[in-house]
Amino acid sequence: MSTIYNISLITLIILSLGQLVLIFFLARYIGAFIRKIESVNGIKIGTLQLDQIAPAFREYNHKGEKVISTELFSNHSTLLLFINTNCPTCKSLLPELRNIKRHYSINLVLVNTDEQHEDSLIVNHVSEDMIYLRSNKLMRLYSITTVPYGILINEDKKIEQISEMKNSNSLWNLLLNVDRKVS
C-alpha cells in the first residue's frame, strides 16, 4: 500500500512541477506576444487617449531649473516633443522649433529620451523660451514607444493631439488647431 502511495505522491509532484514550468514559459510567450503587438504600427497597448488628463511630472531642465508640468500646462497650450540624440528624423525637426515659437504662443518642451550621449547639437537649437529635458522616465510616463513623437496639451491639462512625427509637416499639422500669434 505504501508503494502505491509513494508512486502517487512522486507522480503528483512531477505533474505539479511540469505545470509550474508550463506556466512560466506561457507567461514569457505572452509577454513576447504583447511586445510584438505593440511594435505593429497603429496598435498600442497602454497609450494615452485624447481628452485624457496629461500625466504630471517634475523634472530638471538642461540648466538645472525645476520644471513642474502642472504650472506649465495651465498658462498656455504645451507641445511635448519627444526626440532622441541619435534619431535623424528628430534632428531634421530641430530647425523648425524656433519658427514654431515665433508663430505660436505655446510652451515648447523638448524631451530627449537619450540621457547618455552628447547632445550639443540639440542644445544649440533650444532658445531661451523653450524647455529642454533629458528624461527616459517621461517616455515611459507618457507611454511613448517611438521617436519623434508629439503630444499637444491644452490649458485644461488635457491631451488635445497625439502624433508620431514623420517629417516637419507632421509637426506643423499637429499645431493646426492652436491659435497663432497675432503679428
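Every read-out reported here was derived from the displayed coordinates using simple, explicitly stated rules and does not represent laboratory data. Worth saying up front: this structure is predicted, and the values here are computed from it rather than measured. Cβ coordinates were reconstructed from backbone atoms using ideal geometry, including for glycine residues, and neighbour counts include every protein chain displayed.
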Completion exercise
Cα-Cα longer than 21 Å, checked against 66/166; 63/158; 36/91; 66/137, kept in input order, equals 66/166; 63/158; 36/91
Exercise for the section: Choose one of 62, 8, 122: the residue whose Cα lies farthest towards the positive end of the charge dipole of the chain (beta-carbon charges +1 Lys, Arg; -1 Asp, Glu; about the Cα centre). Expected result: 8
Practice task
Taking every pair of Cα atoms in the chain, average 1/r, invert it to obtain the Kirkwood radius, and report Rg/Rh to two decimals.
Solution key: 1.25
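Which length gain, in nm to one decimal place, applies between residue 121 and residue 170 when the Cα-Cα distance is subtracted from 0.36 nm times their residue separation? Don't skip to the end; give the middle numbers.
Details: separation 49, 0.36 × 49 = 17.64 nm, distance 2.16 nm.
Full extension of this stretch gives 15.5 nm more.
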Problem - residue 143-residue 15 FRET efficiency (beta carbon distance; Förster radius 45 Å; 0.05 resolution) - result: 0.65
Problem - Theoretical FRET efficiency, 1/(1+(r/R0)^6), r = Cβ-Cβ of residue 179 and residue 24, R0 41 Å, to 0.05 - result: 0.15
Exercise for the section: Considering Cα pairs under 8 angstrom that are at least six residues apart, work out the relative contact order of the range 58-174 and quote it in whole percent. Expected result: 32 percent
Exercise for the section: Multiply the residue separation of residue 65 and residue 4 by 0.36 nm, subtract the distance between their alpha-carbon atoms, and state the gained length in nm to one decimal. Expected result: 14.6 nm
Fill in the blank from the handout: With x for Gly and Pro, the residue-by-residue ³J(HN,Hα) of the range 68-84, computed from phi through the Karplus equation 6.51 cos²θ - 1.76 cosθ + 1.60 at θ = phi - 60° and given in whole Hz, is 10, 4, 4, 6, 5, 5, 7, 9, 8, 4, 10, 9, 9, 10, 8, 9, 9
Problem - Total charge dipole magnitude, the chain, about the Cα centre, Cβ charges on Lys, Arg, Asp, Glu only, Debye to nearest 20 - result: 280 debye
Exercise for the section: Mind giving me the nanometre distance, one decimal, between the label points for residue 36 and residue 92, set 7 Å out from Cα along Cα→Cβ? Expected result: 3.1 nm
